[in-house]
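Here is the structure we will look at, set down as structure tokens.
The values are calculated or read from the model by the stated rules, or taken from the named source; none is laboratory data. Because the structure is a prediction, the values reported are computed rather than measured. So basically every Cβ, Gly included, is an ideal-geometry build from the backbone, and we count neighbours across all protein chains shown. The accessibility values were calculated without ligands, DNA or RNA, using every heavy atom of the protein model including side chains. Shrake-Rupley method; radii C 1.70, N 1.55, O 1.52, S 1.80 Å.
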Amino acid sequence: PYEKMKLSLLNAGHSVLGILGALIGYTTIDEAVNNPNIRAFLKQYMDEEVTPTLGDLEGVDLDAYKQSLLERFGNINIKDQIDRICSETSAKYPIFILPTIQSQLANNGNIALAAFVTAAWAIYSLGTNENGDTLNIKDALKQELNEKSKEAKQNPTAFLELESVFGRLKQNSVFTKAFVNAYEDISNKNIEANLKSINSTYL
């Protein structure tokens with residue numbers, strides 16, 4: 001269970017910060033987490049969607065661990081490059097994020113935030129950030145992700161067709177509804193505006 005905690009909080013946290021930060025135009029993880037809207041979103045994701053899947057972690061102060069992660073991510077001396085953190089997301093997503101989604105779906109838990117990150121990744125896979133700058137995408141499935149992300153402009157759930165990454169998520173109507181809503185929200189207004197409105201629902 002401790003390995004699962006690390007994968008779904010630390011590693012997934014990095015991916016969340018990387019994808020959202022890349023779209024806004026940040027280059028390092030500390031820049032992303034020191035944006036209060038991204039930080040609040042990540043905290044809600046860890047609290048509302050990941051924590052319920054972890055079960056009883058004996059001897060772990062989970063709140064303290066999550067707080068320590070936010071501080072670690074925000075350490076300006078580490079300077080984790082977003083390009084590096086986002087590299088090979090297609091291999092990381094099934095290990096870091098998908099199990100949280102599957103567990104939450106099985107227990108009728110919240111998956112809206114994970115769906116938002118997944119939709120942001122679909123838009124990231126088009127290859128440019130919100131400022132129109134080219135993203136340096138390093139991924140074994142870069143070509144396939146890019147093709148699916150182009151199809152997703154007309155039909156958002158096309159992005160979920162890569163079963164090696166998403167398993168059978170496309171068959172789950174609860175997830176696809178949340179994913180399509182998030183995709184349309186990001187397409188209509190920037191990441192930051194979306195994060196503000198998402199965060200406000202948790203306050």
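Some values worked out for this structure:
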| read-out | value |
| --- | --- |
| Where a residue in segment 75-100 is open to solvent by less than 10 Å² (accessible area, probe 1.4 Å) and its partner, wherever it lies, is assigned to a loop (DSSP other than H, G, I, E, B) and among the polar types (S, T, N, Q), with Cβ under 8 Å and at least six apart | 82/27 |
| Residue list for segment 165-192, filter: under 19 Å from residue 109 (Cα atoms), in a helix (DSSP H, G or I) and without any contact (Cβ under 8 Å) to a residue 24 or more places away in the chain | 170, 171, 173, 176, 177 |
| Residue match in segment 157-171 (condition: open to solvent by 40 Å² or more (accessible area, probe 1.4 Å) and more than 18 Å from residue 97 (Cα to Cα)) | no |
| Test: residue in segment 111-134 that is open to solvent by 80 Å² or more (accessible area, probe 1.4 Å) and closer than 20 Å to residue 88 by Cβ | yes |
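Residue by residue, here is whether (1) polar (S, T, N, Q); (2) over 24 Å from residue 112 (Cα atoms) holds:
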residue	(1), (2)
35	yes, no
39	no, no
52	no, no
59	no, yes
70	no, no
